[in-house]
Amino acid sequence: MMNNSMAVYIPEIELLKRYDDFSSFSTQDLEKLKRNSGILNLKKGKSLFRSTDKKTLLYLVSGEVEIKSKDKSYFVNTFSEKDDVRKALNQRDDILSIMTTRHSSILCVDKSEFYSLLSLQNMGEYLVEDLSDTACDATGFDWSEALLASKLFFKIPATHIQKLFGAFKSKRIARGVRVVSEGEKGDEFYVIKKGHALVSRRDAQGRNVDIANLKPGHYFGEEALVGETIRNASIAMSTDGELMCLSKDDFKALLQEPVLKNVSPVHIDKWRNERKDVVLIDVRLPIEFRNEQINGGVNIPLQELRKRIPELDHNAYYVMMCDSGQRSRLGAYLLNEAGLNAYVLAS
């Protein structure tokens with residue numbers, strides 16, 4: 001992240017809270033960010049572009065810097081406007097140089113870690129999928145039939161269906177038991193067979209806020225598995241119940257891999273030559289999209305993609321793009337789940 005020949009000091013959480021980019025982060029997220037951040041003390045005349053790389057966000061702690069862009073030159077110090085002091089010095093993509101004009105302290109934050117935490121925080125309200133319009137507590141409810149009725153399962157080969165249901169394991173869970181915890185790595189996919197569960201999430205102050213109720217016919221846990229990331233909410237049983245559980249390996253082999261397909265630019269050119277409607281969607285955050293655009297895709301952040309599903313064309317071919325592939329996979333999964341044709345751009 002930074003030039004290893006320079007002394008680097010770990011920032012306090014209270015310092016991170018001073019900056020607008022981190023103001024909505026929970027204490028837990030700030031702790032993670034802190035471990036991927038450092039403070040540089042630099043003398044007058046030091047170039048920040050030489051001291052750090054493009055994978056680092058820079059924030060002024062004290063002192064003064066001169067910033068030169070393509071069309072102007074300006075100074076930022078502790079007496080500058082709040083918008084200049086409380087945001088990253090190098091957030092714009094037209095900046096040519098940043099130079100210290102006096103002894104200065106600079107907060108350096110790993111850009112990928114920041115974007116990762118920000119994208120998780122901005123996933124939007126936890127999406128709860130109904131497996132069937134008839135999902136209820138009625139006697140005779142069949143969780144497997146409800147699962148088969150979901151649009152996602154239309155794309156799973158018939159040879160996988162029997163293996164898939166054979167891989168599910170039943171677990172009886174007592175009221176009050178937490179099934180998944182926010183911030184933990186995902187290891188299973190769940191379908192509620194009996195009982196009810198409550199979804200909650202920590203707010204910026206660290207308080208648990210209830211955001212949804214689940215009933216028989218709801219499933220959850222797929223986002224952390226597809227995106228290979230942490231859980232974005234906690235779920236606990238609000239009644240005694242029974243869950244059908246699928247391990248991470250079985251989920252990927254029997255459910256994810258048959259649905260998620262990688263495509264190369266060659267595939268895209270072939271589709272276009274066949275006059276098919278191909279739409280490249282960059283699912284990164286707007287701030288990432290502004291700083292670095294990929295192959296001319298339209299920017300629809302992952303948290304907005306769900307809301308845009310009703311307006312998407314079922315005859316089009318949607319290709320998801322991001323920096324690491326994690327959000328692309330999740331975006332393609334969500335669109336396939338809605339019955340659309342979605343793919344992941346191969347790296």
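Readers should treat all values here as calculations from the given coordinates under stated rules, not as data from a laboratory. Computed from a predicted model, the values in this text were never measured in an experiment. We place every Cβ from the backbone using ideal geometry, glycine too, and count neighbours over all the protein chains shown.
Order the peptides 255-267, 211-223, 178-190 from the highest to the lowest mean number of other Cβ atoms within 10 Å of their residues.
On the way: 255-267: 15.7, 211-223: 20.8, 178-190: 17.6.
Highest mean packing first, the order is 211-223, 178-190, 255-267.
In nm, give the distance between the simple-model label positions of Ser181 and Lys252, each being 7 Å from the Cα along the Cα-to-Cβ direction.
The modelled label-to-label distance comes out at 2.3 nm.
Show that you can apply the helix-only estimate: for the chain, add -39,500 (n - 2.57) for every DSSP H stretch of four or more residues, divide by all residues, and state [θ] at 222 nm to the nearest 500.
Numbers: 12 runs with 86 residues, N = 347.
Helix-only estimate at 222 nm: -6500 deg cm²/dmol.
How would you rank Cys322, Cys245, Cys108, going from fewest to most other Cβ atoms within 10 Å of each one's own Cβ? Please list the in-between numbers first.
Values: Cys322 27, Cys245 19, Cys108 24.
Going from sparsest to densest Cβ surroundings: Cys245, Cys108, Cys322.
Quick check: net charge around Lys248, other residues with Cβ under 12 Å of its Cβ, Lys/Arg +1 and Asp/Glu -1?
Values: positive: Lys185, Lys252; negative: Asp187, Glu188, Glu222, Glu228, Asp249, Asp250.
Net charge around Lys248: -4.
Output the Kirkwood hydrodynamic radius of the stretch 8-121, Cα pairs only, in Å rounded to one decimal. Walk me through the intermediate numbers first.
On the way: mean 1/r = 0.0703 Å⁻¹.
By the Kirkwood definition, the hydrodynamic radius is 14.2 Å.
So what's Rg/Rh here for the stretch 262-345, counting alpha carbon atoms and using the Kirkwood radius for Rh? Write down the numbers at each step before the final one.
Values: Rg = 11.9 Å, Rh = 12.7 Å.
With Rh from the inverse mean 1/r over Cα pairs, Rg/Rh is 0.94.
What helices in the chain pass both tests, a Cα length along the helix axis of 27 Å or more and a mean Kyte hydropathy of -0.5 or higher, using whole DSSP H runs? If you can, show how the numbers build up before the last one.
Values: long enough: none.
Membrane-span-like by this criterion, though nothing is claimed about a membrane: none.
Taking just the alpha-carbon atoms of the stretch 167-309, what radius of gyration and Dmax come out, in angstrom?
So, for the stretch 167-309, Rg and Dmax equal 18.8, 57 Å respectively.
For Asp83, what is the net charge nearby, where nearby means another residue's Cβ is under 14 Å from its Cβ and Lys, Arg count +1, Asp, Glu -1?
It works out to a net charge of +1.
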